[in-house]
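Here's the structure, in structure tokens; my notes come after.
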Amino acid sequence: LGFVYLFKTPKLYMSSISIYPAKETNNSKLNQFQGFASTLGIDMSNNESPYNIPDIIESRKLKKQLIYKKWYSEKYSDTINLINYWGIDKVKNASIESEIKALSILNSRISVLEGKSGLISIKVEMEEPGLARDIANFIYPAIVKFTTEKHLAFSKLNLEFINERQEEIMKQLASAEEELKKFRERNRSIVESPKLQLEMERLLRTVEIQKEVFITLQQQYELARIEQVKESPSVVILDDAMLSLKSHYPNVKIIILTILILGIFLGILNT
């Protein structure tokens, strides 16, 4: 039975890559106005990484890309996706059943290990060494593309929010300046009236506050534009996947050793 298992079980070759989450550059200008911006409802936090890379690798979104991408294979003359490669396209309701089955197989073929230092190792097992290497190497740019798209989407929303706040503050500033103008026109001399002096100070203070808020929003807007166009990958690759010369699974030595031990043990029981 052990030898039958060895012959029937397809050989799997393993390739792996290792990556580090990229650290965001510390923007002193951004940190300078971060506290004030948070009071306005603007999230300009500068965390090291807003994404959990292992979660992205384990996501169905990424694995569906791997399933439907056309890969080069030693068995076929033309490129082929994994559903056709594994022969899953022959099942009924292929559009649904085949995808679910392919995802199940791929889940067992990809493993992610995150070390204490932050190093993330991604291992891929496939029936062909070249296919395992290509899939492993494709994961890195897929992560970068996903995080970049999310970063751009967040930056766009942030810019839109800041722009809306600028328009609101401009209206409030114009209103405060107009109120101050009317007060001065109505009250040419306020030296002898403490009440009018207090009202004057209140109006001046309102105008100054609105000006400071507008200036801060303008600075935040420029910084947000810089963040939007900044091209910094979310991960940095350390080791590319290499072509494996030996199969990783099944482990022939361990299986043969297990067969011998079980055979001897059963033989002793039968004597």
Worksheet item: For Leu131, all conditions in the list (1) in a helix (DSSP H, G or I); (2) open to solvent by less than 30 Å² (accessible area, probe 1.4 Å); (3) modelled with pLDDT of 90 or more; (4) under 25 Å from Tyr20 (Cβ atoms) hold save one; what is the number of the exception?
Response: (4)
Fill in: Number of the exception - Leu245 against (1) modelled with pLDDT under 80; (2) open to solvent by less than 40 Å² (accessible area, probe 1.4 Å)
(2)
Worksheet item: For Lys101, are the conditions met, namely being under 28 Å from Val236 (Cβ atoms), out of contact with any strand residue (DSSP E or B) (no Cβ under 9 Å at 6 or more places or on another chain) and assigned to a helix (DSSP H, G or I)?
Response: no
Response to the item:
For the stretch 187-213, pairs from a residue that is closer than 22 Å to Glu167 by Cβ to a residue that is surrounded by 11 or more Cβ atoms within 10 Å (Cβ to Cβ) and among the polar types (S, T, N, Q), with Cβ under 7 Å and 6 or more apart or across chains, are Gln210/Gln172
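Can you go through Asn26, Asn46 and tell me which one is open to solvent by 70 Å² or more (accessible area, probe 1.4 Å), at pLDDT below 90 and either more than 17 Å from Lys145 (Cα to Cα) or out of contact with any helix residue (DSSP H, G or I) (no Cβ under 8 Å at 6 or more places or on another chain) (or both)?
Values: Asn46 fails: open to solvent by 70 Å² or more (accessible area, probe 1.4 Å).
Exactly one of Asn26, Asn46 is open to solvent by 70 Å² or more (accessible area, probe 1.4 Å), at pLDDT below 90 and either more than 17 Å from Lys145 (Cα to Cα) or out of contact with any helix residue (DSSP H, G or I) (no Cβ under 8 Å at 6 or more places or on another chain) (or both), namely Asn26.
Do the conditions hold for Lys64, that is, is it within 18 Å of the chain's Cα centre (by Cα), of a type in the set (Lys, Arg), open to solvent by 40 Å² or more (accessible area, probe 1.4 Å) and at pLDDT 90 or above?
yes
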Discussion item. For the condition within 20 Å of the chain's Cα centre (by Cα) and either among the acidic types (Asp, Glu) or loosely packed, with under 14 Cβ neighbours inside 10 Å (or both), what is the one hit in Ala142, Ala136, Ala153?
Written reply: Ala153
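Kindly indicate whether any position in the stretch 220-240 is at pLDDT 80 or above, within 48 Å of the chain's Cα centre (by Cα) and part of a loop (DSSP other than H, G, I, E, B).
Within the stretch 220-240, one or more residues are at pLDDT 80 or above, within 48 Å of the chain's Cα centre (by Cα) and part of a loop (DSSP other than H, G, I, E, B).
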Worksheet item: From Ile139, Ile209, which residue is in a helix (DSSP H, G or I) and either touching an Asp or Glu at 6+ places or on another chain (Cβ under 8 Å) or closer than 30 Å to Asn107 by Cα (or both)?
Response: Ile139
Worksheet item: Among the residues of the stretch 169-227, how many are closer than 30 Å to Ser155 by Cβ and not charged (D, E, K, R)?
Response: 19
Item to complete: Count, please, the residues in the stretch 156-179 that happen to be open to solvent by 80 Å² or more (accessible area, probe 1.4 Å) and closer than 15 Å to Arg225 by Cβ.
Response: 3
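Quickly run through the stretch 101-149 and pick out the residues that are small (Gly, Ala, Ser) and in contact with a Pro (Cβ under 7 Å, 6 or more places away or on another chain). Before the answer, list the steps.
The initial filter retains those residues of the stretch 101-149 that are small (Gly, Ala, Ser), namely 102, 104, 108, 111, 115, 117-118, 121, 130, 132, 136, 142.
Scanning the stretch 101-149 gives a single hit, Gly118.
The values are calculated or read from the model by the stated rules, or taken from the named source; none is laboratory data. Only a predicted model underlies this, so the values are computations on that prediction, with no experimental measurement involved. A quick note on method: Cβ atoms are made from the backbone with ideal geometry, for glycine too, and the neighbour counts reach across all protein chains shown. These area figures cover heavy atoms from the full protein model, side chains too; ligands, DNA and RNA do not enter into them. Shrake-Rupley method; radii C 1.70, N 1.55, O 1.52, S 1.80 Å.
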